[in-house]
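The values are calculated or read from the model by the stated rules, or taken from the named source; none is laboratory data. Quantities reported herein were computed from a predicted structural model and do not represent experimental measurements. Cβ atoms come from the backbone with ideal geometry, glycine included; neighbour counts cover every protein chain shown. For the accessible areas, the whole protein counts, side chains as well, though only heavy atoms, and no ligand, DNA or RNA atoms are used. Shrake-Rupley method; radii C 1.70, N 1.55, O 1.52, S 1.80 Å.
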Amino acid sequence: MLYAVDAGGRARSASSAPSEDAFDAVATHFELPEGARAFAKELVCGVRRHREELDALLGDCAQNWRISRMASVDRNVLRLGAYELAHTDTPVEVILNEAVELARRFGAESSPAFVNGVLDAIARRTRKDPGAGADA
């Protein structure tokens, strides 16, 4: 959903990002356990609410990369991972592994390493756990 919004006009304001109603409409096309659906909704809506904060964090941690120049898949996988790192208690290793797998499945050949490197830097910045930022 985040990729579709990003690719469909690259809107910058949170008001043009997917609403909870839009998420619910799209989610009806997927068979998910209720807990997974609720967590996915939290992630999508959380990224929407915190997009400016997340993009600033990504910009700081993605050395020599501007957000606007990143591939759309990479940018949105990074936003999801950054949101989870900054706003949930999901273990760092789980976040990095899932993000790298999304990048591998939907991104370019170089996407998994790029996503892992940027999220590793974000984990070191956002998590106080000394084990945060371990290689995925």
Within the range 23-129, GluC sites (Glu not before Pro) in DSSP loop having at most 16 other beta-carbon neighbours inside 10 Å = Glu31, Glu109
Rank these by accessible area, largest first, 1.4 Å probe: Arg66, Arg105, Arg51.
-> Arg105, Arg66, Arg51
To the nearest 10 Å², what's His87's accessible area with a 1.4 Å probe?
-> 70
Using θ = phi - 60° and Karplus 6.51 cos²θ - 1.76 cosθ + 1.60, couplings along the range 112-128 (whole Hz; Gly, Pro as x) = x, 5, 4, 4, 4, x, 5, 5, 4, 5, 5, 4, 5, 7, 9, 9, 7
Length-normalised contact order of the range 35-108 in % [C-alpha pairs under 8 Å, at least 6 apart] = 31
